[in-house]
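A.B. asks: I'd like to ask you about the structure that follows.
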Amino acid sequence: QVQLAESGGGLVQSGGSLRLSCAASGSFFNIHDMAWYRQAPGKERELVASITRGGRERYAAAVQGRFAISRHNARNTISLDMNVLKPEDTAVYYCNCQYQAAWHAVEEEVWGQGTLVTVSA
């Protein structure tokens, strides 16, 4: 039983920056990988950035060098620093969390409700 609270979306001009945050809370044994996905109008949901429990980061080619994901383990929180934003970054961004509810439980996942990022030209 994990819930995700997302924040930080909004309207920004091209070239600007935003920071998205996602906090996991509830009852669980271990939080594993966490990630940010996004879905633009008419497109499939795609992985933007992920971070493992150990802190290994992966990025989509489209955001490499512009976005940075970080993890704050004590609070089970991740942040996505988005820089040099482009209109093509406009999408609903979703936080994803993979976790174990208990020691013998299989891995589960939960999604945030999504936060809208709009980048104007």
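A.B. asks: At 1.4 Å probe size, with the rest of the protein present, what percent of the exposed accessible area of region 60-102 is carbon and sulfur atoms?
C.D. replies: Heavy-atom surface of region 60-102 belonging to carbon and sulfur, 1.4 Å probe: 52 percent.
A.B. asks: Determine the dipole magnitude for the chain: charges of +1 sit on the beta-carbon of Lys and Arg, -1 on that of Asp and Glu, nothing else is charged, the reference point is the Cα centre, and the result goes in debye to the nearest 20.
C.D. replies: Roughly 280 debye, rounded to the nearest 20.
A.B. asks: Oh, and also: Restricting things to alpha carbons, find the Rg to Rh ratio for the chain using the Kirkwood radius for Rh.
C.D. replies: Using Cα coordinates only, the ratio equals 0.98.
A.B. asks: Another question about this same structure. How would 86, 43 line up by accessible area, probe 1.4 Å, largest first?
C.D. replies: Putting 86, 43 in descending order of accessible area: 43, 86.
A.B. asks: A follow-up question, please. Going by a 4.7 Å Cβ-Cβ cut-off, which cysteines of the chain have no partner at all?
C.D. replies: Within the chain, the cysteines lacking a partner Cβ under 4.7 Å are 97.
A.B. asks: Oh, and also: Would you mind counting up the charge near residue 83? Only other residues with Cβ under 11 Å from its Cβ, with Lys and Arg at +1 and Asp and Glu at -1.
C.D. replies: Counting the neighbours of residue 83, the net charge comes to +1.
A.B. asks: What is the sum of charges around residue 101, taking Lys and Arg as +1, Asp and Glu as -1, for the other residues whose C-beta is under 14 Å from the C-beta of residue 101?
C.D. replies: -3
A.B. asks: Provide the per residue accessible area, probe 1.4 Å, for the chain, rounded to a whole number of square angstrom.
C.D. replies: On a per-residue basis, 55 Å².
A.B. asks: So which chymotrypsin sites (Phe, Trp or Tyr not before Pro) in region 58-121 pass both tests, a DSSP loop state and at most 14 other Cβ atoms within 10 Å of the Cβ?
C.D. replies: The qualifying sites are 103.
A.B. asks: So how far, in whole Å, is the C-alpha centre of region 35-62 from the one of region 89-121?
C.D. replies: One Cα centre to the other: 10 Å.
The values are calculated or read from the model by the stated rules, or taken from the named source; none is laboratory data. These figures come from a predicted structure and were not determined experimentally. Don't worry about glycine lacking a Cβ; one is built from the backbone with ideal geometry, like all the others, and counts go over all protein chains shown. When the accessible area is computed, the model is the full protein with side chains, heavy atoms only, and any ligands, DNA or RNA have been set aside. Shrake-Rupley method; radii C 1.70, N 1.55, O 1.52, S 1.80 Å.
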